[in-house]
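Peer 1: Before I ask anything, here is the structure I am working with.
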Amino acid sequence: MKRKVIAALMAATMVLGLAACGSSGGDSGDGGSGGSSSGSDGNTIRLVNGKIEIDGTLKKLAEMYKEETGVTVEIESMGGGVDIQGTIKGYYQAGNMPDIFVNALGPEFKNWSGMLVDMSDEKWASDTDNAYVDEEEGTIGYPYTVEGIGLAYNKDIIEKAEIDPATLTDTAKLEEAFKTLDSKKDELGLEAVVGYCAEPTNLYWSTGQHVFANYLDAGLERDDTTYIDLLNDGGKFDEERLTDFAEYVGVLNEYSDPALLVSGTYDQQILNFASGKYAFVTQGSWIGATMTTDDKDAYDAAGNFEVGMIPYAFQDGIDTILTNSPSWWSIYSEGNVDAAKAFLQWMSEDTAQKVLVEEAGFISPFKSCTYVASDPFAQAMVDYISAEKTSSWHWLDMKEGYAMNYTGQVFADYASGALDTEGFIKTIQQVSEACYAN
């Protein structure tokens, strides 16, 4: 069965120029059985990491682990446009599978159906709400960090405008606050109230995945899949919830920077927020790293202001931000399983968490972790997580290409004025039905 799954994937993608498996059963003599090439004596494991920026940190942790246990952990980091899933499929075909490897979107986990270890019984699994759990296969994704999606804001500006962010609990209250900020733009040094960008070619993921994720999950319990299930059932929606969401997005359209709204860039969006030119920005906690590195000079000049985050409260009662791991590590079931499990458990504990939080700037997904990163958004994230005011995000389980090829353009047309609120609602329903009919 495993060979059939990968054969189909290889035939479809022609990854790395390799042909799909030619037979459906039995072991071949060409190394195409999908076995791991890692040491079978328990003293070596291999991990494929998808965040190239933490390569050095992981290699440091690997050295620490070897000193403590004698087990070698080989770190193989990929990034910069590399087709990670394609590369791993090639490894499978060559019989060179890593013991631990990264998966992100739901379809990526499905690539390896029946080939991943269920880690439900591991100690770390009861210490986090951010594992990737499949209904049939169990806990197949280990979270190494957590990110948050909410409406981020500049605390200095909000305080100067005498606005209490805790009161912005529905669309009408948010709009009233935006009007106040808009009337004080010159006094506050603002170019716009909110940095919201609906450019459809390069930022479709921001609107069609991250902003839309709030329609799917905001205000829900972490295991509530009501709206993603509805969407995946032929592109269906809850009319009342979609209408309320559309009206909220309409407020973002109205008070965003016109120069950014339909033709801006991600870099411009984050730089302007870091520079104090926007009171709010529609990005997640990951922008803290950019603010303190690439945009450090601008952020310093703006006074290194504190930031916060509020829920996308498009309906009364929504009081959660969305948090999840941006991707997960999975254990290959025919690899060095016991050694891989032991390493991941160690990574969830104090020694490794201290390094990941304080040196890599990660926000820990583990409840037992007491370290707080220096990242601007770390404290806000920790506060929401500690208060158990988080929802999961399920945009990872949308149909592949949904945002890129369908909804990203609808958000852009709404932002440009080509669609009004009613038109946005109608069109997003139509394109969703078309997407899921294919």
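Peer 1: If you take the Cα Rg of region 241-345 and divide it by 2.2 N^0.38 Å, with N the number of residues, what do you get?
Peer 2: Here the Cα radius of gyration is 1.49 times the empirical estimate.
Peer 1: How large is the Rg to Rh ratio of region 249-297 when both quantities use alpha carbon positions and Rh follows Kirkwood?
Peer 2: Rg/Rh for region 249-297 comes to 0.96.
Peer 1: Under a point spin-label approximation (7 Å from Cα along Cα-to-Cβ), what is the Glu334-Glu162 distance to one decimal in nm?
Peer 2: 7.0
Peer 1: Shifting gears a bit: Amide H to amide H under 5 Å from Val307: which residues, 5+ apart in sequence or cross-chain, H placed 1.01 Å off N in plane?
Peer 2: Lys155
Peer 1: Got a sec to turn the phi values of region 185-191 into Karplus ³J(HN,Hα) couplings, 6.51 cos²θ - 1.76 cosθ + 1.60 with θ = phi - 60°, whole Hz, x for Gly and Pro?
Peer 2: Each residue of region 185-191 in turn: 4, 5, 4, 8, x, 8, 8 Hz.
Peer 1: To make sure I understand the rule: partners must be lysines, Cα under 22 Å from the Cα of Lys354, and not fewer than 8 residues away in the same chain. Which ones qualify?
Peer 2: List returned: Lys51, Lys59, Lys60, Lys66, Lys123, Lys341, Lys367.
Peer 1: Where a ≥ b ≥ c are the square roots of the eigenvalues of the C-alpha gyration tensor, would you call region 294-438 rounded, which needs a/c under 1.5, or, failing that, prolate if a/b is larger than b/c, or oblate?
Peer 2: oblate
Peer 1: In whole Hz and in residue order, list the ³J(HN,Hα) couplings for region 392-399 that follow from phi through the Karplus curve 6.51 cos²θ - 1.76 cosθ + 1.60, θ = phi - 60°; x for Gly and Pro.
Peer 2: Karplus-based 3J(HN,Hα) across region 392-399 equals 7, 10, 10, 5, 4, 9, 5, 4 Hz.
Peer 1: A further question on this structure: Restricting the calculation to Cα positions, tell me the Rg (one decimal) and the Dmax (whole number) of region 270-314 in Å.
Peer 2: 10.5, 35
Peer 1: Also, quick follow-up: Taking each pair of different alpha-carbon atoms in region 67-205 once, compute 1/r for the pair, average those values, and report the inverse of that mean as the Kirkwood hydrodynamic radius in Å to one decimal. Don't jump to the answer; show the numbers that get you there.
Peer 2: Numbers: mean 1/r = 0.0499 Å⁻¹.
Radius from the Kirkwood sum: 20.0 Å.
Peer 1: Post the alpha-carbon centroid distance, region 336-359 to region 190-251, in whole angstrom.
Peer 2: 34
Peer 1: With the contact rule set at Cα under 8 Å and sequence spacing of 6 or more, what percent relative contact order holds for region 317-438?
Peer 2: Value for region 317-438: 23 percent.
Peer 1: While we're here: Shape of region 166-309 from its Cα gyration tensor (a ≥ b ≥ c, root eigenvalues): rounded if a/c is under 1.5, otherwise prolate when a/b > b/c, or oblate? Please list the in-between numbers first.
Peer 2: On the way: a/c = 1.94, a/b = 1.59, b/c = 1.22.
Taking the square roots of the gyration eigenvalues as a ≥ b ≥ c, region 166-309 is prolate.
Peer 1: Next question, about the same structure. Name the residues whose placed amide hydrogens come within less than 5 Å of the amide hydrogen of Glu74, ignoring near sequence neighbours (fewer than 5 apart) on the same chain.
Peer 2: Hits under the 5 Å cutoff: Ile45, Arg46, Leu47.
Peer 1: What GluC sites (Glu not before Pro) does region 140-226 have in DSSP loop regions with at most 14 other beta carbons within 10 Å? Mind dumping the intermediate values first?
Peer 2: Details: sites: Glu147, Glu159, Glu162, Glu175, Glu176, Glu187, Glu191, Glu221; in loops: Glu162, Glu191, Glu221.
Listed in order of number, the matching sites are Glu162, Glu221.
Peer 1: Shifting gears a bit: Can you check how the C-alpha radius of gyration of the chain compares to 2.2 N^0.38 Å, as a plain ratio?
Peer 2: Against the empirical 2.2 N^0.38 Å value, I get 1.02 for the chain.
Peer 1: Residue by residue, what Karplus-based ³J(HN,Hα) values in Hz, rounded to whole numbers, does region 43-57 have, using 6.51, -1.76 and 1.60 with θ = phi - 60° and x for Gly and Pro?
Peer 2: My calculation for region 43-57 gives 9, 9, 9, 10, 10, 9, 9, x, 10, 4, 5, 10, 4, x, 5 Hz in order.
Peer 1: Taking loop as defined by DSSP and a crowding limit of 15 other beta carbons within 10 Å, which trypsin sites (Lys or Arg not before Pro) in region 374-438 fit?
Peer 2: Listed in order of number, the matching sites are Lys389.
Peer 1: Given a 1.4 Å probe, how much area per residue of the chain is accessible, in Å²?
Peer 2: Value for the chain: 41 Å² per residue.
Peer 1: What are the lysines whose alpha-carbon lies under 17 Å from the alpha-carbon of Lys399, with same-chain residues fewer than 8 places away excluded?
Peer 2: Lys110, Lys236
Peer 1: Additional query: Quick one: pull the percentage of alpha-carbon pairs in region 380-438 with a separation above 15 Å.
Peer 2: Looking at region 380-438, the distances longer than 15 Å represent 60 percent of pairs.
Peer 1: GluC sites (Glu not before Pro) within region 337-397: which are DSSP loop residues with at most 11 other Cβ atoms inside 10 Å?
Peer 2: Answer by residue number: Glu388.
Peer 1: Magnitude of the Cβ-charge dipole of the chain, K/R +1 and D/E -1, about the Cα centre, nearest 20 debye?
Peer 2: Result for the chain is approximately 1080 debye, rounded to the nearest 20.
Peer 1: Between 0 and 90 degrees, rounded to the nearest ten: what's the tilt of helix 421-437 against the longest Cα principal axis of the chain?
Peer 2: Value to nearest ten degrees: 10.
Peer 1: If amide hydrogens are placed 1.01 Å from N in the peptide plane, which non-local residues have theirs closer than 5 Å to the one on Gly141?
Peer 2: Tyr132
Peer 1: With each run of n ≥ 4 DSSP H residues scored as -39500 (n - 2.57), what mean residue ellipticity at 222 nm is computed for the chain after dividing by its residue count and rounding to the nearest 500 deg cm²/dmol?
Peer 2: That calculation yields -11500 deg cm²/dmol at 222 nm.
Peer 1: At a 1.4 Å probe radius, carbon and sulfur cover how many percent of the accessible area of the chain? Let's see the in-between values first.
Peer 2: Details: 8270 of 18080 Å².
That fraction is 46 percent.
Peer 1: Rounded, prolate or oblate: pick one for region 148-195, where a ≥ b ≥ c are the square roots of the eigenvalues of its C-alpha gyration tensor, a/c under 1.5 means rounded, and failing that, prolate if a/b is larger than b/c, else oblate.
Peer 2: Judged from the Cα gyration tensor, region 148-195 comes out prolate (a/c at least 1.5, a/b above b/c).
The values are calculated or read from the model by the stated rules, or taken from the named source; none is laboratory data. Owing to the predicted nature of the structure, the values given are computational and were not obtained by experimental measurement. Cβ coordinates were reconstructed from backbone atoms using ideal geometry, including for glycine residues, and neighbour counts include every protein chain displayed. Protein only, heavy atoms only, side chains kept; ligands, DNA and RNA dropped before computing areas. Shrake-Rupley method; radii C 1.70, N 1.55, O 1.52, S 1.80 Å.
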